[in-house]
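Here is the structure we will look at.
Nothing in this text is a laboratory measurement; each read-out follows from the coordinates by a stated rule. Quick caveat: nothing in here was measured; it's all calculated off a predicted structure. Positions of Cβ are backbone-derived with ideal geometry, glycine not excepted, and every protein chain shown enters the neighbour counts.
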Amino acid sequence: MPEFLHRGTLKIFLGYAAGVGKTYQMLDETHKLKNEGVDVVLGYFEPHGRKDTITKAEGLEFVPRRKIEYRGAVFGETDVEAILRRRPQVCVIDEFAHTNVPGSQRAKRWEDVQVLLDAGINVLTTMNVQHLESLNDQVWQFTGIRVRETIPDWVVKQADEVVMVDLPPQALLNRLMRGVVYAPEKARQAMENFFKESTLVALRELAIRQTAHEVDIRQSVQNEAEAVGLGGGDLDSLSSPRPRASDRILILVTEDPSSAALIRRGKRVADYLQAECFAVCVLPDGSLHRIPAGQREAVEKHIKFARNLHIEPSVMQGEDVAQTLVDFARLHKVTQIFLARPQQKRWPVIFGRGLVERVVRLAHDIQVTIVAERRR
């Protein structure tokens with residue numbers, strides 16, 4: 001079989017903040033590959049003016065960026081078509097979570113990378129842990145910054161290797177003060193906001209936990225391959241651990257903004273348990289077209305979000321939301337139901353009439369997890 005018919009491999013260099021050395025370490029590996037005779041190119045490289053990183057890229061082949069005009073300015077993005085024509089063995093794509101400028105063929109850089117992988121090109125890339133979709137609420141809680149550029153967890157799970165590039169927070173702050181990461185004025189602003197030591201410590205802990213989780217996933221794949229008698233070269237047929245039959249998670253989706261956080265939380269738990277995950281919206285008529293426009297747009301947004309995270313959504317018909325939800329759970333052998341905790345002002349005078357209480361009473365043999373909205 002021709003080599004290009006095999007999907008390429010993906011290696012992610014994961015950090016917890018700018019300046020820890022992700023791009024530098026990726027370039028170091030790129031030079032090693034080149035010295036070993038591997039055909040490798042830089043498909044996109046963003047040094048952010050850092051002299052040591054720029055120097056590290058010397059001697060490597062660049063694929064010129066594709067120029068896109070937007071609002072009177074010209075931007076450079078990854079030229080996927082040029083890389084496909086060049087067809088290297090390995091392509092280096094910096095900043096995996098980047099959002100492409102409007103007018104690009106694809107909205108996200110990770111989508112560009114998927115095209116290269118599908119064409120059989122191996123990719124090295126970089127990202128920070130705060131760009132992982134399921135951690136979005138957690139990161140906002142202790143940083144006060146809502147990260148807008150995110151990557152679905154399933155994309156990262158597809159990576160063949162995730163390497164954490166670590167640097168103690170104090171060492172990173174020293175680099176920042178020396179002007180290695182940003183220019184002096186920008187560095188001062190960063191230290192007053194995102195680069196507070198307490199924030200960096202928390203982000204670093206998240207990165208360590210996430211890397212350990214990724215290692216566990218890949219170990220599960222290896223163990224499953226050995227169990228069915230596959231050799232190391234046959235692991236492509238087992239891209240991720242199969243869901244455990246004993247765990248199934250159900251998430252209630254409504255028009256409430258808290259649904260987004262609930263979906264993230266439920267999906268992250270499902271990933272850790274290697275469980276199947278469902279998202280259900282219950283409507284009186286079972287049709288989105290028969291509810292008010294504002295409510296419909298909110299529900300559709302959450303359903304689309306669930307699909308993007310590879311959660312199977314369903315719109316169910318039912319006047320009794322609690323009963324319909326529990327019936328669905330029993331039919332699909334769900335073991336955990338995730339509900340958003342209502343705002344205090346929305347609790348009824350008589351607690352027994354509340355949706356949460358009714359689901360708990362009806363689903364007496366199913367675990368019900370009530371997720372409170374994260375607050376800073």
Tell me whether the stretch 248-371 comes out rounded, prolate or oblate; compute the Cα gyration tensor, take square roots of the eigenvalues as a ≥ b ≥ c, and use a/c under 1.5 as the rounded threshold.
rounded
How far is the Cα center of the stretch 277-301 from the Cα center of the stretch 51-68, in Å?
47
Average projected area [Cα convex hull, the stretch 48-90], square nanometres:
4.2
Highest GNM mean-square fluctuation among HIS332, HIS31, HIS131, for the chain with Cα springs under 10 Å, belongs to HIS332
Need the full-extension length gain, GLU81 to ASP28, defined as separation in residues times 0.36 nm minus the C-alpha distance. One decimal, nm.
16.5 nm
Fraction of alpha-carbon pairs over 21 Å apart in the stretch 50-128 - percent:
30
Using 27 Å as the Cα-Cα cut-off, could you pick out the over-long pairs in LYS22/LYS186; LYS22/LYS304; LYS11/LYS267?
LYS22/LYS304
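Express in nm, to one decimal, how much length is gained between ARG209 and GLN295 on full extension, taking 0.36 nm for each residue of separation and deducting their alpha carbon distance.
Working: separation 86, 0.36 × 86 = 30.96 nm, distance 3.70 nm.
Net length gain for the segment: 27.3 nm.
Give the longest segment of the chain that steers clear of GluC sites (Glu not before Pro) in DSSP loops with at most 16 neighbouring Cβ atoms within 10 Å, not counting the sites themselves. Present the calculation step by step, with values, prior to reporting the outcome.
Numbers: sites that count: GLU36, GLU58, GLU61, GLU149, GLU319, GLU373.
Here the longest segment lacking exposed loop sites spans 150-318.
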Send over the Kirkwood Rh of the chain, from the inverse of the averaged 1/r over different Cα pairs, rounded to one decimal Å.
23.0
If you take every DSSP beta bridge fully contained in the chain, what fraction is antiparallel? Give it as a percent rounded to 5.
15
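Calculate how large, on average over all directions, the projected area of the Cα convex hull of the stretch 266-312 is; give the answer in nm² to one decimal.
On the way: hull surface 13.9 nm².
Computed as one quarter of the Cα hull surface, the answer is 3.5 nm².
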List, largest first, the extents of the alpha carbons of the stretch 3-224 along their principal axes, each in whole Å.
51, 48, 36
What does the helix-only formula give at 222 nm for the chain: each DSSP H stretch with n ≥ 4 adding -39500 (n - 2.57), the total divided by the residues, and the result rounded to the nearest 500 deg cm²/dmol?
-12000 deg cm²/dmol
